[in-house]
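One structure is given below, encoded as C-alpha cells.
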C-alpha cells in the first residue's frame, strides 16, 4: 500500500481500506506520422492516453499515446474526427485545415450519460427514475464462463449469485432482492434482445454487450406478469460502422478440486472399527474413491466474430465454440453457437429493419451426483477392481448401500443433445420524425434429446435383473412472440415527452416424447437401438418390464398484454415515469385471468438546482422514488385450474372379471386438485434511492437504494384440504411475504494518470425476508415443510420467519452413553424419544448481506482485476456430516476423519448441532493481462494476453465443500429429497473447483 | 398534402396494430393436449369402465404399502428392527412399535391421505357419472350398481379411517370447503346407513364382474366388521347386528372353507372358495404388493425365489411366533432357523449368508441394533412366494374371507355371553381350526372351557397373522396398551392415531383426538 501514497493527495484514507488493486487497460500505443497532431486532455487539463481518434466515415484512426499526444492523417485536411474514450462523452471535432488540435473531453459524469435499456426502449441514465443497474461487457467477469449470469456476479447490488456447483452442465442460483415466491419461479425474467423469457444458454457469453437489471417494481412493471423476480435484459453485440473487424478470443482452462473432504483411509477406518468393536470388512485395499472418479479437466473456448458496416447497414456475425470438461470422468459439454445480427435502413432512413439469429447446439454428458456422493460412501478397504480385472462389488451389504462408483460411471451414460434457436425480425418505421411504429416477431425453438443407458453389467441392473436399460426422450419448447409498439417523442421547450403504447402476444408450447426398453443381450448399442431390448415384446406375465415405456405429452400457455408508458421530464431536472400493463394468462382461473400492473416513479436532479450548480463537491445528485406492481403466474404449470382427467398409472390397472376370465383396465381419474380460483401473485414495491457523483472530476460516484416489496397471494403447492380434495397438495394463493433492504454502489476512480490507474467498485446489499402469512380461504396453515435432506424435514416456510428457515431439534449435549439429548419446550435436556413435538426455529439459510468488491488496475500495458465476493448472515447445513460423522453408518459408508474423535453414536437426527455459520469471503476472480503495443495500420489492431483464476481462495468457517449454497428451494423436484437454501445434502455431491484460465484476445 | 400522407400512414400503422390486437385473440381459455375433461369423457363403454375401476385400482397403492404398516407395526405381530444402525424411515417403525408416534408422523399422514384420496376418487366418479346417460353403451353392469359399488369402496375407506382415527369428517363430493370432524358415533351411523342402503343394488358372487368388487356379501362382511368393532371404537356394542350379517353371509352358501389353511393366499388364490373380497394384484399390471421383497432375507431371496433385491425389513416378534405350536400347519407360514433351498437338480442346499449358513433367529436382540442383528427375526411367507425376479406379487390380497366371518360370529356370541364361549362359538372356531392339524390331533379342538377370550385372541393371531386385523383385535381384547417386548405400556388414547398435523393445519374445522396436541 505504501507505494501508492505519494501518487495523489486527494485519496481519502478509507479508500485504502477497500482492499486490493488493479485496473483494466485497453490501451494501444499510438504511432505518429500524419497531418493533424495534438493532445487530448480531460477538463482538468490532465493528459489522456489511449483515446481513440477516428476519421469519421473511414477506418483510419489512431489512439493517443502515454502523454495524450496523437497524430492522425486527414486527407485533404478536411473531415470530422470522432474522439472517444471510455468514461467520457464521445466528441466530434471538425477539421478544416488545422494542423494541431487540442481536444478536451468532457468526462466523468460517465455513469450518468450511459444509455440504459429499460424494456421496449432506452433511456438516458440521467433521467432514469427506477433502480436499474447496467454492466457492460468490459466489466464482465472473465474466466471460464458456463452460465452467463456469472458474468455479473458481484457486480450488481441486490443480485445474489451463487455458483452452486462447478458442473459445467448446471447453472448458477440467483436471486434479485430476496425470494420472490414460495414456490418455483423465483428468478428474474430474462429478456434477450427484447425477447421475453429467453434462455441464457442460447447465447454465447462472448456475444453479450451489456446486461441491464431492472430491480424495482416501477422499472420492471412494464414487463408486468413475469417481473416479480426483477428483469434481466441482455443485449448482444452488434456491428459497428467501418471496415470489417475480426476479433478472436481463445482460452484454455484447468480445474482442480478447491477443497476435499477428509475421508478415513483404510488404516483409519480399521482403527475406528477396532476402537468401537465393530467388525471391519477388510478386503486389503486402501482406495481413495474420489481420486478414482476425478481428473484434471481441460476446457477450451474459441470465439471468432466479424463485424462492420456502412452508414445504412451493419452486421455482426460470430461463431463460438466451447468445450468444457467436468472434474469427474463423466461430465463434458461441447457447445457451438452461431450468431448473426443485421441492421439496415431503408425508405430514406425511415425504415429500420433488423434481424437477429442465434443458434446453439450443446452436446452434454452428465455427471452422476449420486455416484459422486457414493465416492464418499464407499469403504476405503474395498478395491476398485478384483484381481481378474472386473469391478469389485459387494451386494451382501444390506440395502445395496455399497456399489462401486467407478463401475457405475463406466456402466452408465447420460447424455443430451440440445439445440436452442432464437430469431427476431424487427421493423420500425418513422411515420413522423416524432412518431414511430415498431413491429417484431420472435421465435424461440429449443429441443432437448436426452439419452440414458445402463449396461447389463451395471450393479443395479444385475441386482434388479433388468438386463440393461436404455431410453431416449425428446422435449421441445417453442415460443412465438408478436409485439407491436407505437412511440411518440417530442420536445416542447424544456418539456421532454416520450410516449409508448403496445401490444404483446406470446404462446409457449411444450411437448415430449420418450421411450425405453430393457433386457439387452449386448451393450454395443448404447441407446441407439431401443427395439433390441427383449423386455418390450416379452409377454410372460413375470417378465421384468421395469424401464419399458412409451410416453408423450404436451402443454400450452399464452400471454396477452397491452401496455403503455409516459416518460416526461422538465429540463432533465424533474422526471416522471408512468406505466401500465394489462396482462392475461391462460394458466389462471377462469374469473382471474387478467391483471393490471401500474407503476409510477419520479426523480429530481437536485444538482441542477441553482444552489448546487457551482458546488465543488456535489457534481451530480438525483433523488428518485417509485412504486410499481408486478405479477407472477410463471410458477404455475398449465391446467392447474381445470378439472382434468388422465390415466392414473399403467402399473395400477383395475380388474374386470370373474376371477377366471377377465381383463385389466387402465383406470382414468382426476389428475390434480383443480383450483378454479387461481389468481395472480402480486408484488407491490416501493423504492427510494439517490444517485450521486462527488468531488473533482466526479471521481466518486454511487447510488443508494431502499426498497420494500410485499408479495401477495403467494402461489404455492400447499397442503390441500383432504378431505374433500383428492390429492394431498393443491396449487393455490395464500398469504403474503415482505422483502426489504438496502443496496449501495460506490465507484471510485482512485488514481488515473497516464501510467497508472486504479478503480474500485463496491456493491453491497442487505435483504430481510419475512413470510408474514401463508393463509387464505383455501389454505389455513401457518407453515409448510420444505427441505428433506434424508433425515426428515429440516426447513420450513413459516409465518414470521424468512423463507427456508431451519426448523428442528435443539441440541443439548450427549448422554453418558452417547445418546442425543435435545431441549424440550420447557428447556430441559431429554432423550430424542422424549422430545416429542419440541421443534424450534433455528435460523435462515439465505444470506442477509451480499457484497462484491472489484478492483481494476492498469499499470502501463499491464492490467489486473480482482473481485472479492462475500455473503454474510446465514446458517448453513452440511448434510454430509449427519451421515459421515455417525458411527451407526460405519458398515454401510465411509466416515469423515472427524469421526475419529467426534463420532455420533446414536441414530441420525437433524438438529442445530449440524448448523454452522455460512459466512464467506472469496477471492473469486483474479485476472492479469498484458496488452501488446501494436502498430497502427497493421493487420493486428489489438492483442492482449490474460490469465484468470476463479474461485481462488475462500475464507469460511463452513465445513462443507463450499459455502456458495443454493439460495432457493427446489420444490418442483419430484424427488423424495429436496435441497433448500443453505443446504448441502448428503445424497448428491459435485466438488467445487478452482479454475485457471489462460487466454488471448486479438482483433484484426 | 404532406400531412395527409403522414396521417394516412399513421392510420395504417394503428389499424395494423389493432388487427394484431384482436385477431391474435384475447381469449385465454386453456386447450388441453394430453389430458381430457369430464365433459368430454365417459362417452363410451370403455371410458365409463375406466372411471369405474379407478377407486378399486387405487386401493392397490396403499393397502400393503401403508395400511399394513399402521395395522401391524403398532402390534406384537410385525416389527421392522434397526439392523447394523440402518434406521429406516427416520425411526418411524420404532415409534410405531413403542407407541410414541406424534401428529407429525409422516406415515400416519400417508394413511390419512390415502383414505381420503380413495374417498376423493369415489366422490369424483359418482359426481361425474350420476347425471350422465350411459344407457345404450352396452355395459354389462348398470349405472346404479356401479355407483352402489363405488359407494361401498368409499364406505370401506371410511370404515378404515374410522377405525384408525375415530372422529373424522365425512364428505360426499369433491370440493366441499372445510368439512368438520364428526364424532365416531356419527360416522358409524353414516357408514351403517350407507352400506345398508346400497346392499340391494349390488351384485352377487359369480356375476361376470364380481371378482375383486363389492358384492352383497362383501358389503355385509364390511358391515359385520363395523359392528364387531363398534364397541371398541365408539362405546356402543352391536353384537347382534354383527351376528345377523355373519349369518346372512354364511347362509348364502356362496362361500366354503378351503381345505388347506393357505389356499386363500396362493399365487392363484382367485380359485379360493373362501375369499369374499380381495384386492387383485399382478406382478406387472397391478403392482405394489411386495411382501416377499419387504420380508424375505436378502441372502435367501435370490437363491430360493429368484428375487435379488429383498429387504428383510418386516419380521415378527418372538412372543407372537411362539403362539404357534409345532403341530399347527399354520406354523409353515414362518421361515425360521437354518435356511435351505432346492437347487436346479432338486437337491436341498444350505442358504449362505456370507461364509455361514443363514439362520433366522426367532429372538430379536434389540429393536435398535447398531452393531448387527442381521439375521434376527422370523419371516412370514403366508402369501405364497412365486419364483420371480419381480418384487411385486400376483397373489390377490385378502380383505374379507369366510373364516373371519365365522370368527366374528363366534366372538360376538361369546361377548354376548359375558365373555364365555358357547358351543356354537366353539364349533365355529373348531371348524376353521381343524384343517390346520392332522386329523384326530387333540390340539385341533377347543371346548367351551378352553376357548376363553384371550385364547380367541391368540387363535385370531394364528389364523389371521399379517392380515391387518391385529391392531383392531388387540384394541378390542383390551391388550393394545399392554407392555411387551421393547415397548412400555402406552396410554389408552393411543387406540386412535392422531389427526395429522398437516391435515389440521389445512383445515381448522378438524379436531385433534384427545391425548394428542
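The values are calculated or read from the model by the stated rules, or taken from the named source; none is laboratory data. This is a predicted model, so every value here is computed, not measured. Neighbour counts run over all protein chains shown; Cβ positions are idealised from the backbone, glycine included.
On the given criteria, is residue A:644 surrounded by fewer than 23 Cβ atoms within 10 Å (Cβ to Cβ) and within 11 Å of chain B (Cβ to nearest Cβ)?
Answer is yes for this residue.
Which one of these is touching a strand residue (DSSP E or B) at 6+ places or on another chain (Cβ under 7 Å), surrounded by 18 or more Cβ atoms within 10 Å (Cβ to Cβ) and more than 19 Å from residue A:148 (Cβ to Cβ): A:316, A:261?
A:261
So is residue B:139 surrounded by fewer than 24 Cβ atoms within 10 Å (Cβ to Cβ) and outside any helix (DSSP H, G or I) or not?
Yes, satisfied.
Considering B:244, B:186, B:254, B:192, which residue is within 14 Å of another protein chain (Cβ to nearest Cβ) and farther than 30 Å from residue B:387 by Cβ? It would help to see each step written out before you state the result.
Details: B:244 fails: within 14 Å of another protein chain (Cβ to nearest Cβ); B:186 fails: within 14 Å of another protein chain (Cβ to nearest Cβ); B:192 fails: within 14 Å of another protein chain (Cβ to nearest Cβ).
The unique qualifying residue is B:254.
Go through (1) closer than 27 Å to residue B:328 by Cβ; (2) free of Cβ contacts under 8 Å to residues at least 60 places away in the same chain one by one and return the number of the condition residue B:200 breaks.
(1)
Can you confirm whether the stretch A:299-313 contains a residue that is within 15 Å of residue A:203 (Cα to Cα) and surrounded by fewer than 19 Cβ atoms within 10 Å (Cβ to Cβ)? Spell out the reasoning first.
Initial filter on the stretch A:299-313 (within 15 Å of residue A:203 (Cα to Cα)): A:301-305.
From the residues that got through so far, the ones that are surrounded by fewer than 19 Cβ atoms within 10 Å (Cβ to Cβ) too are A:302, A:304.
Yes; the residues of the stretch A:299-313 include at least one that is within 15 Å of residue A:203 (Cα to Cα) and surrounded by fewer than 19 Cβ atoms within 10 Å (Cβ to Cβ).
Can you tell me how many residues in the stretch A:167-176 are touching a strand residue (DSSP E or B) at 6+ places or on another chain (Cβ under 6 Å), modelled with pLDDT under 85 and either in a loop (DSSP other than H, G, I, E, B) or more than 28 Å from residue A:334 (Cα to Cα) (or both)?
1
Can you name the condition, by its number, that residue B:398 falls short on among (1) crowded, with 21+ Cβ neighbours inside 10 Å; (2) assigned to a loop (DSSP other than H, G, I, E, B)?
Failing condition for residue B:398: (2).
Hey, does the stretch A:478-494 have a residue that's in contact (Cβ under 8 Å) with a residue 12 or more places away in the chain, outside any strand (DSSP E or B) and either more than 10 Å from every other protein chain (Cβ to nearest Cβ) or more than 30 Å from residue A:353 (Cα to Cα) (or both)?
Yes, because at least one residue in the stretch A:478-494 is in contact (Cβ under 8 Å) with a residue 12 or more places away in the chain, outside any strand (DSSP E or B) and either more than 10 Å from every other protein chain (Cβ to nearest Cβ) or more than 30 Å from residue A:353 (Cα to Cα) (or both).
Grab the strands (runs of 3 or more DSSP E) fully contained in the stretch A:761-862, keeping just those with 2 or more residues being within 19 Å of residue A:175 (Cβ to Cβ).
The qualifying strands (runs of 3 or more DSSP E) are A:783-788, A:793-798, A:805-808, A:840-844, A:849-859.
Suppose we keep only residues that are in contact with a strand residue (DSSP E or B) (Cβ under 6 Å, 6 or more places away or on another chain) and within 14 Å of another protein chain (Cβ to nearest Cβ) within the stretch A:671-701. Which one would you say is surrounded by the fewest Cβ atoms within 10 Å (Cβ to Cβ)?
Of the residues in the stretch A:671-701, the ones in contact with a strand residue (DSSP E or B) (Cβ under 6 Å, 6 or more places away or on another chain) are A:671, A:673, A:675, A:679-694, A:698-701.
Of the ones still in play, those that are also within 14 Å of another protein chain (Cβ to nearest Cβ) are A:671, A:673, A:675, A:679-680.
On the way: A:671: 19, A:673: 24, A:675: 23, A:679: 21, A:680: 28.
If we take residues in the stretch A:671-701 being in contact with a strand residue (DSSP E or B) (Cβ under 6 Å, 6 or more places away or on another chain) and within 14 Å of another protein chain (Cβ to nearest Cβ), then A:671 is surrounded by the fewest Cβ atoms within 10 Å (Cβ to Cβ).
Only one of (1) out of contact with any helix residue (DSSP H, G or I) (no Cβ under 9 Å at 6 or more places or on another chain); (2) modelled with pLDDT under 95; (3) within 30 Å of residue A:288 (Cα to Cα) is not met by residue A:413, so which one is it?
Every condition holds for residue A:413 apart from (2).
Specify the residue that is farthest from residue A:734 (Cα to Cα); the eligible residues are those in the stretch A:629-641 that are at the interface with chain B (Cβ under 8 Å from one of its Cβ atoms) and out of contact with any strand residue (DSSP E or B) (no Cβ under 6 Å at 6 or more places or on another chain).
Result: A:639.
Taking the residues in the stretch A:558-585 that are surrounded by fewer than 22 Cβ atoms within 10 Å (Cβ to Cβ) and farther than 22 Å from residue A:126 by Cα as candidates, determine which candidate is farthest from the other protein chains (Cβ to nearest Cβ).
My answer is A:580.
Considering each of A:194, A:154, A:187 in turn, give the residue that is surrounded by fewer than 24 Cβ atoms within 10 Å (Cβ to Cβ) and under 13 Å from the mean Cα position of the chain (by Cα).
Exactly one of A:194, A:154, A:187 is surrounded by fewer than 24 Cβ atoms within 10 Å (Cβ to Cβ) and under 13 Å from the mean Cα position of the chain (by Cα), namely A:187.
Answer yes if at least one residue in the stretch A:858-879 is within 14 Å of chain B (Cβ to nearest Cβ) and touching a residue at least 24 places away in the same chain (Cβ under 8 Å), and no otherwise.
The answer is yes, given that some residue of the stretch A:858-879 is within 14 Å of chain B (Cβ to nearest Cβ) and touching a residue at least 24 places away in the same chain (Cβ under 8 Å).
How many residues are in contact (Cβ under 8 Å) with a residue 12 or more places away in the chain, surrounded by fewer than 17 Cβ atoms within 10 Å (Cβ to Cβ) and assigned to a strand (DSSP E or B) if we restrict to the stretch A:429-444?
2
Evaluate the stretch A:769-781: report whether one residue or more is away from chain B (no Cβ under 11 Å) and touching a helix residue (DSSP H, G or I) at 6+ places or on another chain (Cβ under 9 Å).
Within the stretch A:769-781, not a single residue is away from chain B (no Cβ under 11 Å) and touching a helix residue (DSSP H, G or I) at 6+ places or on another chain (Cβ under 9 Å).
Select from the stretch A:379-405 the residues that are touching a strand residue (DSSP E or B) at 6+ places or on another chain (Cβ under 9 Å) and either surrounded by fewer than 16 Cβ atoms within 10 Å (Cβ to Cβ) or within 25 Å of residue B:374 (Cα to Cα) (or both) and write down the one among them that is farthest from the other protein chains (Cβ to nearest Cβ).
A:385
With the condition kept exactly as written, say whether any residue in the stretch B:104-122 is surrounded by fewer than 20 Cβ atoms within 10 Å (Cβ to Cβ), touching a residue at least 40 places away in the same chain (Cβ under 8 Å), facing chain A (nearest Cβ under 9 Å) and in a loop (DSSP other than H, G, I, E, B).
Scanning the stretch B:104-122, I find at least one residue that is surrounded by fewer than 20 Cβ atoms within 10 Å (Cβ to Cβ), touching a residue at least 40 places away in the same chain (Cβ under 8 Å), facing chain A (nearest Cβ under 9 Å) and in a loop (DSSP other than H, G, I, E, B), so the answer is yes.
Return yes or no: is residue B:229 surrounded by fewer than 18 Cβ atoms within 10 Å (Cβ to Cβ), away from chain A (no Cβ under 13 Å) and modelled with pLDDT of 95 or more?
no
If the requirement is being closer than 17 Å to residue B:380 by Cα, surrounded by fewer than 23 Cβ atoms within 10 Å (Cβ to Cβ) and touching a residue at least 12 places away in the same chain (Cβ under 8 Å), which of these qualifies: B:262, B:284?
Working: B:284 fails: closer than 17 Å to residue B:380 by Cα.
Every option except B:262 fails the conditions.
Please give the helices (runs of 4 or more DSSP H) falling wholly within the stretch B:36-93 in which 2 or more residues are modelled with pLDDT of 95 or more, facing chain A (nearest Cβ under 10 Å) and touching a strand residue (DSSP E or B) at 6+ places or on another chain (Cβ under 7 Å).
Those helices (runs of 4 or more DSSP H) span B:45-52, B:54-62.
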